[in-house]
Amino acid sequence: MMSGFDRRRNVADEIFADEVGIEYGIYGEFRLRSVYQPIFAPRGAALTAVAVEALVEPHLAGRPSSAQAFFDQIPAEDRLFVEAMCRALHLRNYSNIGVEGLDLFFNFNPLVNDHPGRALAEIRLMGRHLADFGLHAGMLVCEVTEQAADDALLLLLVREMRRDGMRIAIDDFGAGHSTEERVSLLSPDIIKIDGAWFSELCRHAAAEKFFRPLVSTLHERGAKVLVEGIEQAVHLRVALEGGVDLLQGFLLARPKLAGTIFNENPLAIDALLEPESKVVQLHQRR
């Protein structure tokens, strides 16, 4: 276990800028960098980037390392500070994406933000500084991980975000944590279908038959549906035929470091689906 800083310091004290103006955070021996993965919406025959999800990429000795492994070794007493620093980094680096008008998805773990006073203070501080980074609250989507957490606290935090105009997304839907009660409690604006669960669903021949009613039910609840983990043509086909609103995954675009040139060109759906049609033709020949 490591402890990376004097906790009496402010988040801003741990954030610096490199030679080209990209901001990064310092925690112990790690340099924390913002990466952004595009999120796409179907628009006719193409997919258009409408948002990005902000993620952190820890670097150790100049090389990227696993984000999960990094967070797993952070002492519990440091987690709130480190997550706050990561969110601050993502906001500050938003202008370095190079494309205006994209919504920004960011993660919020209710198990870490378990102190109401500190968590509410961070939300309010974040809201006051959005304009400094070319953002407004309506562009922000807070992804709440669907894990066990105190419902009263979670509802308090969600209400505070919504008061400022932020939207709420439930993450990892289908992964085993999601409950009808949690969806009813939060009335999320967006529900993110877990990529691993969706990939397993796509292994079944009748995937569309089972997936389409689920999407319809979530739409009836007033939520948009985002499928993450789109890595194969079959994933894209099942998602599109299911009527989803948003898509994210390596087949479409990988996460890129802040400052990387962003490809604004729409993606042709037919070209993305072509690998699947070739597989079907191969099986037919056999």
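Considering Gly243, Gly222, Gly229, which residue is open to solvent by 40 Å² or more (accessible area, probe 1.4 Å) and either free of Cβ contacts under 8 Å to residues at least 24 places away in the same chain or under 21 Å from the mean Cα position of the chain (by Cα) (or both)?
Gly222
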Every residue in region 257-268 that is buried (at least 18 other Cβ atoms within 10 Å of the Cβ) and not in a loop (DSSP other than H, G, I, E, B), please.
Leu267
Within region 94-133, restricting attention to residues that are touching an Asp or Glu at 6+ places or on another chain (Cβ under 7 Å) and at pLDDT 90 or above, which residue is surrounded by the most Cβ atoms within 10 Å (Cβ to Cβ)?
Phe105
What residue, among those in region 57-79 that are among the acidic types (Asp, Glu) and either over 18 Å from Pro255 (Cα atoms) or in a helix (DSSP H, G or I) (or both), is least open to solvent (accessible area, probe 1.4 Å)?
Asp78
Given the criterion of a type outside the set (Asp, Glu), open to solvent by 20 Å² or more (accessible area, probe 1.4 Å) and part of a helix (DSSP H, G or I), identify the matching residue among Ala88, Ala49, Ala84.
Ala88
Only one of (1) farther than 24 Å from Pro255 by Cα; (2) of a type outside the set (D, E, K, R); (3) open to solvent by 30 Å² or more (accessible area, probe 1.4 Å); (4) in a helix (DSSP H, G or I) fails for Gly165. Which number is that?
(4)
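Condition check ((1) buried (at least 19 other Cβ atoms within 10 Å of the Cβ); (2) at positive phi; (3) of a type in the set (Val, Ile, Thr); (4) under 18 Å from the mean Cα position of the chain (by Cα)) across all residues:
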position	(1), (2), (3), (4)
Ala175	no, no, no, yes
Arg182	yes, no, no, no
Leu185	no, no, no, no
Ile191	yes, no, yes, yes
Ala205	no, no, no, no
Exactly one condition in (1) within 30 Å of Asp150 (Cα to Cα); (2) touching a helix residue (DSSP H, G or I) at 6+ places or on another chain (Cβ under 9 Å) is not met by Asn93; state its number.
(1)
Flag if Arg33 is open to solvent by less than 50 Å² (accessible area, probe 1.4 Å) and modelled with pLDDT of 95 or more
yes
Within the set of pairs 6 or more residues apart or between chains, which connect a residue that is in a loop (DSSP other than H, G, I, E, B) inside region 8-37 to a residue that is among the aromatic types (Phe, Trp, Tyr) with Cβ atoms less than 9 Å apart?
Arg9/Phe81; Asp18/Tyr24; Gly28/Phe5
Could you list, in sequence order, all residues of region 115-143 that are touching a Gly at 6+ places or on another chain (Cβ under 9 Å) and under 23 Å from Ala223 (Cα atoms)?
His136, Ala137, Gly138, Met139, Leu140
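Going by what's in this entry, would Arg254 be described as open to solvent by 60 Å² or more (accessible area, probe 1.4 Å), under 20 Å from Leu102 (Cβ atoms) and either at pLDDT 95 or above or among the small types (Gly, Ala, Ser) (or both)?
yes
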Suppose the filter is over 27 Å from Arg31 (Cβ atoms), surrounded by 14 or more Cβ atoms within 10 Å (Cβ to Cβ) and in contact with a helix residue (DSSP H, G or I) (Cβ under 9 Å, 6 or more places away or on another chain); does Leu140 pass it?
no
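The values are calculated or read from the model by the stated rules, or taken from the named source; none is laboratory data. As the structure is a prediction and not an experimental result, all values here were calculated from the model. Glycine gets a Cβ as well: all are built from the backbone with ideal geometry, and neighbour counts include every protein chain shown. To get the accessible areas, we keep the full protein, side chains included, count just its heavy atoms, and leave off ligands, DNA and RNA. Shrake-Rupley method; radii C 1.70, N 1.55, O 1.52, S 1.80 Å.
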